[in-house]
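Below you'll find the structure, written out as structure tokens, and then a few comments.
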Amino acid sequence: METENKKVVILGSGPAGYTAAIYAARANLNPMIITGYQKGGQLTTTTEVENFPGFPEGVDGNALMSQMENQALRFDTEIVFGEVTKVELAEKPFKIHVGDKQYTTDSLILATGASAQYLGLESETKYMGRGVSACATCDGFFYKNKDVAVVGGGDTALEEASYLTNFCNKVYLVHRRDEFRGSKAMQERVLNNEKIEVVWDSVVDEVIGEEPQGMTDLRVKNVKTGESRNLGVAGMFVAIGHKPNTSLVEGQLDLDEKRYLLTQPQSSKTNIDGVFACGDVMDSNYRQAITAAGTGCMAAIDAERWLAEQQ
């Protein structure tokens, strides 16, 4: 097995990973990014990003990630396209396996992100980013004065529905049960909001659309009566949770109850010296590109200082 040692290896190629690479490269640490199977992260599923500073006219999600990649390459970051199959953190240097190749590294930055959970419908996948979204904060503004649907019944769904009433004419909250799982406070806020109509005991049957505009409506089905109807909405926000991509380090690094990586207060440090975490893999609260980038900066600075201490 071929082995190559690095000072810093970054797992993940979203805003957190690329920002960490830019800072580490400018500190002459010659970082390597291993991209993962979804190069560019979740932003590559977003057509238009309007809330990332520096782009007053908005920017395509893929274009933004391409610019971040080019900036990392400008400072001689090595980018390896591949998916990590195993990470060994028990002893230093740390070992990282990508297919039949093994890398060793003095420090490791985890920026593997979190994956939004979707319903699994073919029509949902077809109109992803063209009416279907998993982030109201990211995409809600595009539906100003329009009707939309939110799918879910936990705190995330209730919060997204409430948030969307700031822009949207009406919000349908589609929930498969006859009661919410979310907190009482959030339930009261939703049920008392005249802009929100709860569609109880219902599931999404199909995302309706046509080319080239994308999604045009949503058909839901009542699980008790079997009756189907169209809601007449322009967009659907899936809010059934996110899954942090922590399976590689499970059992090696400390996780919280939601399986997100735990970091020390005001730091990106994990429970193993020399291993740092940034972005959505350690943030179950904000999950924004700009906050991910900020923590990527933190992780690179923490890694640089830690490496200096070892020398």
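The values are calculated or read from the model by the stated rules, or taken from the named source; none is laboratory data. These figures come from a predicted structure and were not determined experimentally. Here the Cβ is made from the backbone with ideal geometry for all residues, glycine too, and neighbour counts use every protein chain on show.
What the table shows:
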| item | result |
| --- | --- |
| Candidate set from the stretch 275-311 (those that are part of a loop (DSSP other than H, G, I, E, B) and in contact with a helix residue (DSSP H, G or I) (Cβ under 6 Å, 6 or more places away or on another chain)); member that is farthest from residue 240 (Cα to Cα) | 278 |
| Yes/no for residue 311 being surrounded by fewer than 14 Cβ atoms within 10 Å (Cβ to Cβ), closer than 29 Å to residue 88 by Cβ and either outside the structural domain of residue 152 (by TED's automatic domain parsing) or modelled with pLDDT under 95 (or both) | yes |
| Filter result (touching a helix residue (DSSP H, G or I) at 6+ places or on another chain (Cβ under 7 Å) and more than 21 Å from residue 255 (Cβ to Cβ)) within the stretch 80-112 | 106 |
| Any pair with Cβ under 7 angstrom, 6 or more apart, that starts in the stretch 80-91 at a residue that is touching a residue at least 60 places away in the same chain (Cβ under 8 Å) and ends at one that is part of a loop (DSSP other than H, G, I, E, B) and surrounded by 13 or more Cβ atoms within 10 Å (Cβ to Cβ) | 89/252; 89/272 |
| Only one of 29, 64, 119, 108 that is in contact (Cβ under 8 Å) with a residue 24 or more places away in the chain, assigned to a strand (DSSP E or B) and among the aliphatic types (A, V, I, L, M) | 108 |
| Subset of the stretch 264-274 [in a loop (DSSP other than H, G, I, E, B) and touching a Phe, Trp or Tyr at 6+ places or on another chain (Cβ under 8 Å)] | 268, 270, 273, 274 |
| Qualifying positions in the stretch 76-97 - of a type in the set (Asp, Glu) and either in a loop (DSSP other than H, G, I, E, B) or under 16 Å from residue 110 (Cβ atoms) (or both) | 76, 83, 88, 91 |
| Residues that are farther than 16 Å from residue 162 by Cβ and surrounded by fewer than 18 Cβ atoms within 10 Å (Cβ to Cβ), drawn from the stretch 188-208 | 200, 201, 203, 205, 206, 208 |
| Enumeration of residues in the stretch 230-279 that are over 15 Å from residue 111 (Cα atoms), free of Cβ contacts under 8 Å to residues at least 24 places away in the same chain and in the same structural domain as residue 24 (by TED's automatic domain parsing) | 251, 254, 257, 264, 265, 266, 271 |
| Top-ranked residue in the stretch 243-263 [being part of a strand (DSSP E or B) and not basic (Lys, Arg); ranked as nearest to the chain's Cα centre (by Cα)] | 244 |
| Single unsatisfied condition, residue 57 versus (1) at negative phi; (2) buried (at least 18 other Cβ atoms within 10 Å of the Cβ); (3) assigned to a loop (DSSP other than H, G, I, E, B) | (2) |
| Total residues in the stretch 281-292, condition surrounded by 24 or more Cβ atoms within 10 Å (Cβ to Cβ) and modelled with pLDDT of 95 or more | 3 |
| Qualifying residue in the stretch 133-151 (condition: in a strand (DSSP E or B) and at pLDDT below 95) | yes |
| Of the criteria (1) over 15 Å from the mean Cα position of the chain (by Cα); (2) over 20 Å from residue 195 (Cα atoms); (3) not hydroxyl-bearing (Ser, Thr, Tyr), which one residue 114 fails | (1) |
| Lone qualifier among 172, 163 - being in contact (Cβ under 8 Å) with a residue 40 or more places away in the chain and of a type in the set (Phe, Trp, Tyr) | 172 |
| Residue 83 vs. criteria assigned by TED's automatic domain parsing to the domain that holds residue 13 and at pLDDT 95 or above | no |
| Residues being β-branched (Val, Ile, Thr) and modelled with pLDDT under 95 - total across the stretch 236-268 | 1 |
